[in-house]
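The values are calculated or read from the model by the stated rules, or taken from the named source; none is laboratory data. Computed from a predicted model, the values in this text were never measured in an experiment. Positions of Cβ are generated from backbone atoms using ideal geometry, with glycine treated the same way; all protein chains shown enter the neighbour counts. Just the protein is used for accessible areas: all its heavy atoms, side chains included, with ligands, DNA and RNA removed. Shrake-Rupley method; radii C 1.70, N 1.55, O 1.52, S 1.80 Å.
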There are 2 protein chains.
Amino acid sequence: MTETEDEIRNRPPIEEMPESIYAEDGSVRSDFLMLVGAAIADRDLLFLRQRVARLHESELGDLIEAIQADQRIALVRLLGDDFDLTALTEVDEAIRLQIVENLPNAQIAAAIGELDSDDAVYILEDLDQADQDEILAQLPFTERVRLRRALDYPESSAGRRMQTEFVAVPPFWTVGQTIDYMRDEEDLPESFSQIFVIDPTFRLLGAVDLDRILRTKRQVKIEAIMRETNHPIPAVMDQEEAAQEFEQYDLLSAAVVDEGGRLVGVLTIDDVVDVIQEEAEEDLMRLGGVGDEELSDTVTETSRSRVPWLFVNLLTAILAASVISLFEATIEEIVALAVLMPIVAGMGGNAGSQTMTVTVRALATRNLDIHNAWRVVRREAGVGLLNGMVFGILIGLVAGLWFQDVNIGGIIATAMLINMFAAAVAGILIPILLDRLGADPAVSSAVFVTTVTDITGFFAFLGLATWWFRIGVGS
Amino acid sequence: MTETEDEIRNRPPIEEMPESIYAEDGSVRSDFLMLVGAAIADRDLLFLRQRVARLHESELGDLIEAIQADQRIALVRLLGDDFDLTALTEVDEAIRLQIVENLPNAQIAAAIGELDSDDAVYILEDLDQADQDEILAQLPFTERVRLRRALDYPESSAGRRMQTEFVAVPPFWTVGQTIDYMRDEEDLPESFSQIFVIDPTFRLLGAVDLDRILRTKRQVKIEAIMRETNHPIPAVMDQEEAAQEFEQYDLLSAAVVDEGGRLVGVLTIDDVVDVIQEEAEEDLMRLGGVGDEELSDTVTETSRSRVPWLFVNLLTAILAASVISLFEATIEEIVALAVLMPIVAGMGGNAGSQTMTVTVRALATRNLDIHNAWRVVRREAGVGLLNGMVFGILIGLVAGLWFQDVNIGGIIATAMLINMFAAAVAGILIPILLDRLGADPAVSSAVFVTTVTDITGFFAFLGLATWWFRIGVGS
């Protein structure tokens with residue numbers, strides 16, 4: 001959210017402003033932390049009000065994350081009404097809960113009343129039902145109804161993220177009437193960049209950007225300058241889908257409507273930016289085999305969330321090991337094979353994960369679809385063959401010289417070529433297939449791709465050696 | 001960019017609008033592609049103008065990406081002045097170049113004149129100097145100067161991404177004067193959400209949001225309602241840094257100033273969203289061992305960009321293999337070890353990459369800093385020990401039963417515990433260390449972490465076995 005006018009007016013003049021609270025590396029400066037710590041210990045309200053309460057909400061959020069748990073509670077208690085609850089939308093969920101649970105509901109209710117509705121919902125939605133009800137009960141009627149309505153929409157929906165404050169006028173008003181209304185009305189949203197046009201039943205008719213109003217003569221009717229809102233967002237739409245609409249049509253804000261097409265709120269791009277970022281982050285975390293963990297999670301929470309992925313990997317590793325065990329007789333005879341086999345499997349794994357990363361990202365950004373899939377598959381297969389030849393020759397020379405055996409050099413070169421080709425094909429086809437089947441390719445591709453490259457790698461290398469040296473299979 | 005008023009007015013009424021051009025999976029519908037293809041072949045200008053030229057720029061961009069290379073050129077030629085060049089900002093760089101290089105410079109110059117300056121720069125910056133000069137020479141003076149100024153700023157700087165059109169007024173104007181100016185002036189930007197306040201030398205004094213102007217009485221002076229712009233962006237600032245300012249302070253738009261503090265342009269959040277997305281994407285690609293490749297790259301381009309990473313991995317794989325070769329005598333005696341050793345190394349690799357993914361992301365989002373680093377390191381070490389015990393016991397039982405040997409079960413359990421602990425410690429410390437040293441942890445962490453887990457895995461497992469079974473080291 002942008003700063004409120006009050007915040008801006010209350011800002012100290014530039015010469016009084018402390019220097020940046022951040023050190024060069026982006027962390028909060030240690031000397032500032034020490035000052036804050038001392039002020040909390042000394043209950044130095046003057047310092048806290050002047051130097052802490054006036055920080056920008058995101059700076060205050062970073063400060064809260066940097067201090068100790070007990071200091072956080074003390075700071076919020078000491079600041080009381082001077083503490084801007086918006087800062088809690090900028091911190092880790094665990095820290096937010098820790099603070100909110102330690103505050104009396106009456107203080108939260110008082111502070112919630114000051115927030116934009118989307119920030120208020122952001123804080124309220126994590127609380128349990130009883131606390132939510134108690135806090136809502138202490139709010140004025142209209143505000144309670146607004147927040148309740150937003151909270152009634154499903155989690156992660158556009159209705160949860162929207163701001164319920166907006167300016168709406170009837171189509172027959174003139175530009176002059178509209179401007180006069182805005183000059184006189186006290187209860188306007190903190191900031192807004194467009195006004196909406198509605199019929200008497202609140203059905204959305206259109207929107208007018210503020211610059212359009214400012215360039216139009218007073219006597220012109222609103223309906224003459226309004227544009228159709230081609231992309232109203234249904235309140236029940238998932239926030240990710242809403243974010244895609246914003247990206248696709250470069251929207252800055254969009255009307256949110258209920259099932260009846262009635263205007264219920266407005267979604268702005270600053271809320272959507274967070275969603276876009278979370279999305280990209282999710283893909284990264286999933287490819288790395290981690291779920292929705294947070295830095296503040298405990299050891300057991302973290303361990304539990306990572307076990308499933310490791311467990312699946314254990315199963316596939318055992319599968320790969322059983323492939324090796326088919327060739328125990330061969331390994332017993334030529335131990336060099338045991339030394340070299342992880343190279344073949346490992347290089348395949350790396351090549352496969354390169355292809356897979358590109359594919360998963362292209363699918364997520366919708367750059368890869370049926371129109372170019374075949375071309376990209378051919379390209380990846382070509383890259384696999386080419387790199388397979390390059391690294392096959394390289395490792396063939398190294399292995400041949402190392403073990404002074406041209407046969408081993410030839411065998412590992414061939415196995416490397418086969419495995420890197422398999423890696424490329426698996427790296428592109430597996431994510432595409434998972435995507436077609438409706439699964440998230442970021443979550444599940446990696447384990448399938450490594451399984452393919454491990455098994456192909458061991459099988460090709462040990463199998464070729466067994467065949468070449470004419471050794472019986474089975475221990 | 002948002003639609004211009006003209007575009008909106010020229011939009012066909014809803015009932016004439018074709019259905020969405022997208023199929024359920026987000027790709028452009030095949031039947032629509034066929035219609036477009038036929039219209040291009042038949043030179044059916046009516047269809048192309050009505051159904052293609054009126055598409056939203058991002059839809060047009062998707063369409064261009066979906067059709068054949070020769071169809072693209074033909075389409076742009078056929079549409080001529082009706083082709084909205086903004087669509088080219090929505091396509092892959094290779095496709096943009098392909099189209100622009102096939103258009104006469106005169107047509108580009110005519111079309112560039114219609115674009116917002118930031119879109120124009122986006123298209124011009126990829127062209128070579130001679131073409132740039134030729135196109136700029138055909139533009140009116142003020143526009144040429146503006147674009148030239150933006151192009152003179154370094155690549156990827158805020159100056160390149162900014163829009164050079166803005167509204168600026170002196171501080172002593174009243175709200176009424178300002179509104180009258182906007183009503184009368186023809187040459188205003190397409191859309192804007194704030195006006196800037198400058199002194200006679202163009203030095204930036206402040207800004208006023210449009211909603212603030214609309215709620216203020218006509219006789220009030222601009223200087224009374226302007227707010228200080230606390231975060232003007234220097235034009236030479238890197239776009240990533242500018243994006244961080246936007247994220248940190250939830251800005252929607254920001255003034256861009258030159259070295260003298262003079263206003264030269266405005267940077268808006270829709271440009272910044274693209275930068276934020278590119279950033280997150282870069283981390284993902286780097287962790288996956290791929291560089292800045294594009295889906296339209298050729299086989300050799302792709303292969304060449306992936307070889308360096310694979311080469312480094314080959315070296316570390318050879319290093320790990322040489323650890324195995326220390327224990328050839330042991331493997332010769334107990335082949336089961338060769339079967340099982342990839343499990344120990346592989347599980348370590350997976351656990352390490354989990355920790356590394358979380359760490360790299362936390363560093364990128366500045367959530368991990370000196371204030372919580374020690375706590376997170378302890379947590380990861382704890383997770384490594386805990387998961388090491390879980391999976392040590394599990395694989396110990398499996399291996400013991402498989403090879404009917406309690407010794408092997410005990411050895412692999414211990415090696416697994418050691419390696420998963422090492423993986424956790426390497427997974428957190430290596431990215432932090434690289435970050436401190438000024439290297440990008442996303443690029444280089446993976447190879448170091450796998451090296452640690454491979455070497456530790458093989459050494460711990462084979463070493464323990466050698467010691468336990470009292471076998472001599474060295475082949």
task: State the dimensionless ratio Rg/Rh of segment A:315-369 (Rg: radius of gyration of Cα atoms; Rh: Kirkwood radius).
output: 1.22
- prompt: Taking each residue of A:279-292 in turn, how many C-beta atoms of other protein chains fall within 10 Å of its C-beta, and what is the average?
  reply: 5
- request: Tell me which residues come under 5 Å, amide H to amide H, from A:ILE233 once H is placed; ignore anything under 5 positions away on its chain.
  value: A:ALA255, A:VAL256, A:VAL257
message: Quick check: from the Cα gyration tensor, does segment B:307-408 come out rounded (a/c under 1.5), prolate or oblate?
response: oblate
query: For peptide B:391-402, how many partner chain Cβ atoms fall within 10 Å of a residue's Cβ, on average?
result: 2
message: Compute, for segment B:168-287, the length of the dipole vector about the Cα centre, with Cβ point charges of +1 (Lys, Arg) and -1 (Asp, Glu) only. Units Debye, rounded to 20.
response: 1140 debye
- prompt: How large is ³J(HN,Hα) for each residue in segment A:238-251, as worked out from phi by the Karplus curve 6.51 cos²θ - 1.76 cosθ + 1.60 (θ = phi - 60°), to whole Hz, x for Gly and Pro?
  reply: 5, 4, 5, 5, 4, 5, 5, 4, 4, 5, 4, 10, 6, 6
message: What number comes out for accessible area per residue over segment B:168-287 if the probe is 1.4 Å? Units Å², please.
response: 41 Å²
- request: Note the buried accessible area between A and B here, summed over both chains, with a 1.4 Å probe, in Å² to the nearest 100.
  value: 11100 Å²
query: For segment B:299-468, what percent of Cα pairs sit more than 29 Å apart?
result: 27 percent
query: Hey, any idea what the orientation-averaged projected area of the convex hull of the protein assembly as shown's Cα atoms comes to, in nm²?
result: 42.1 nm²
- line: Result for segment B:334-410: accessible area per residue, probe 1.4 angstrom, in square angstrom, of 35 Å²
- request: In whole Hz, with x marking every Gly and Pro, tabulate ³J(HN,Hα) for segment A:363-372 from phi via Karplus 6.51 cos²θ - 1.76 cosθ + 1.60, θ = phi - 60°.
  value: 5, 5, 8, 6, 7, 10, 9, 4, 6, 10
- prompt: How big is D for segment A:168-268, in µm² s⁻¹ as a whole number, if Stokes-Einstein is applied with the Kirkwood radius of its Cα pairs at 37 °C and 0.692 mPa s?
  reply: 231 µm²/s
statement: With the charge dipole of chain A built from beta-carbon charges (+1 for Lys and Arg, -1 for Asp and Glu) about the Cα centre, the Cα from A:GLY427, A:ILE73, A:PRO140 projecting farthest to the positive end belongs to A:GLY427
- line: Evaluated at 20 °C and 1.002 mPa s, the Stokes-Einstein D of chain A based on the Kirkwood radius over Cα pairs, in µm²/s, stands at 79 µm²/s
statement: Over all directions, segment B:77-156 yields a Cα convex hull whose mean projected area in nm² is 5.0 nm²
field: Karplus (6.51, -1.76, 1.60) ³J(HN,Hα), θ = phi - 60°, over segment B:61-66, in Hz, Gly and Pro reported as x
entry: x, 4, 4, 4, 5, 7
- prompt: Tilt of helix A:299-325 relative to the longest C-alpha principal axis of chain A, in degrees (0 to 90, nearest 10)?
  reply: 20 degrees
Debye intensity ratio I(q)/I(0), log10, segment B:20-156, q values 0.11, 0.18 Å⁻¹ (C-alpha model): -0.41, -0.98
query: Counting only protein heavy atoms and using a 1.4 Å probe, what share of the accessible area of chain B belongs to carbon plus sulfur, as a whole percent?
result: 54 percent
query: Per residue of A:21-27, what is the mean number of Cβ atoms on other protein chains within 10 angstrom of that residue's Cβ?
result: 3
- prompt: Once Lys and Arg get +1 and Asp and Glu get -1 on their Cβ, which of A:MET416, A:VAL443, A:THR298 lies farthest toward the positive end of the dipole of chain A?
  reply: A:MET416
query: Any idea what the dipole of segment B:20-156 comes to, in debye rounded to 20, about its Cα centre with Lys/Arg Cβ at +1 and Asp/Glu Cβ at -1?
result: 500 debye
task: Only helical DSSP H runs with n ≥ 4 go in: add -39500 (n - 2.57) per run for chain B, normalise by residue count and round the 222 nm mean residue ellipticity to 500 deg cm²/dmol.
output: -19500 deg cm²/dmol
statement: For A:366-372, B:335-341, A:26-32, ranked highest to lowest by mean beta-carbon neighbours within 10 Å, the order is B:335-341, A:366-372, A:26-32
Members of segment B:312-349 that become less accessible by 40 Å² or more once partner protein chains are added (1.4 angstrom probe, chain alone as reference): B:LEU314, B:ILE318, B:ALA321, B:GLU328, B:GLU332, B:VAL335, B:VAL339, B:PRO342, B:ILE343, B:MET347
statement: About its Cα centre, the protein assembly as shown carries a charge dipole, from +1 on Lys and Arg Cβ atoms and -1 on Asp and Glu Cβ atoms, whose size in debye to the nearest 20 is 2340 debye
query: Sorted by mean Cβ packing within 10 Å, highest first, what order do the peptides B:58-68, B:106-116, A:122-132, A:424-434 take?
result: A:424-434, B:58-68, B:106-116, A:122-132
Average accessible surface area per residue within segment B:20-156, 1.4 Å rolling probe, Å²: 46 Å²
Residues along segment B:353-372 losing 50 Å² or more of accessible surface when the other protein chains are present rather than the chain by itself (probe 1.4 Å): B:GLN354, B:THR357, B:VAL358, B:ARG361, B:HIS371
query: Say R0 is 56 Å: what FRET efficiency, to the nearest 0.05, do B:ARG29 and A:ASN102 get from their beta-carbon distance?
result: 0.55
